[in-house]
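To keep things clear, I will list the structure first and then write my remarks on it.
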Amino acid sequence: MTYHSLPLPQLPPRELQSHKGTFGRALLIGGATGLTGAIALSGMATLRSGAGLVTLAVPDTCLQTIALYNPCYMTLALHSDIQGRIAETSLQPLDVPLHSATCVACGPGLGQSKELVEFVQNLYQSCTRPLVIDADGLNNLAASETSVKNPAGPRILTPHPKEFSRLVGQPPNTANREAQISIAVELAAEHNLVIVLKGHQTMITDGTKTTINATGNPGMATAGSGDVLTGMITALICQGLSPFEAAQLGVHLHGYAGDLATAKLGETAMIATDLLDFLPYALQKNHATDATPSENSDSSQRKNEKNR
């Protein structure tokens, strides 16, 4: 299967008259008792990637913990179940924030439960805003009756191979990369989705356009890395990119930040917060060099490699 290399989209320069509302309102839904770091990472990545206003909607039981990670995002308390996860009844208090959001994300640190299956399915089929779904957002969606059918608006799904297997009901031990890519392209076309199939050379498709990312390295195979990507894609949509453009550029910059981190820290020691630290440099270098990777990065070895 052959894919053509696509030019990377670019964020427009910021106008002097800009204010925080200019760069969108991001609403991220997730978190649970014992899983507070994931949604905090996503929130910090959304801030670092340029969204103007960021709100984390989290269970009331762990709101204070999540708020302490960073003073720059806002928090919204949702109903929680006895395990400290978001309760299904939380859709009602989310009604106004969902309508005012530029882009919504759901999944980091969410956990899984019967109530969350209903919550995620209802969100998927009622939210008209662009919705990025990752992690347990995907797992709860896969357990719902309709899975990826009937989206109410633009949807960006960011599964790793096992999460994708659950979404399509495919045994993960029999799936190969090419087969999953082919299924992802068909699924995206059928349901008007953008699918980011993560892994080595992450694939991005909307069913019509498909491209393979060339940045990134094995040091990024660490807990929290995907949560950072969720926040990045959300922020890029908030700043006016289309869902496909935001996914393509977000994946590139995510890997680029990982390559810059590796050049300084090595692959073994890298953790997800290092991506946040190097993200500003990835954004700067991306604008300054037209997305040419650092000569010291792992991705520089692949910069002339064409997409498959």
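What follows is calculated from the coordinates using simple rules that are stated; it is not laboratory data. The structure displayed is predicted, hence computed values, not measured ones. Using ideal geometry, Cβ is built from the backbone for each residue, glycine included, and neighbour counts are taken over all protein chains shown.
Projecting the Cα atoms of A188, L78, L167 onto the dipole axis of the chain, where Lys and Arg carry +1 and Asp and Glu carry -1 at the beta carbon, places A188 farthest toward the positive end. Please work out whether the stretch 1-148 counts as rounded, prolate or oblate from its C-alpha gyration tensor, where a ≥ b ≥ c are the square roots of the eigenvalues and a/c under 1.5 means rounded, while otherwise a/b larger than b/c means prolate and anything else oblate? The shape class here is oblate.
Farthest toward the positive end of the dipole of the chain, out of I156, N217, I133, is the Cα of N217, where the dipole comes from beta carbon charges about the Cα centre. Between Q17 and D95, full extension at 0.36 nm per residue minus the direct alpha carbon distance yields a gain of 25.0 nm. For the chain, DSSP calls about 25 percent of its internal beta bridges antiparallel. For the stretch 22-302, the square roots of the Cα gyration tensor eigenvalues, ordered a ≥ b ≥ c, give a/c of at least 1.5 with a/b no greater than b/c, which places it in the oblate category.
Please state the charge dipole magnitude for the chain, taken about the Cα centre, from unit charges on C-beta atoms (+1 on K and R, -1 on D and E), reported in debye and rounded to the nearest 20. Please report the intermediate quantities before stating the final value.
Values: 20 positive and 25 negative charges, 85 e Å.
Dipole size: approximately 420 debye.
The amide H of L78, built 1.01 Å from its N in the peptide plane, has V58, D60 as neighbours under 5 Å, considering only residues 5 or more places off or on other chains.
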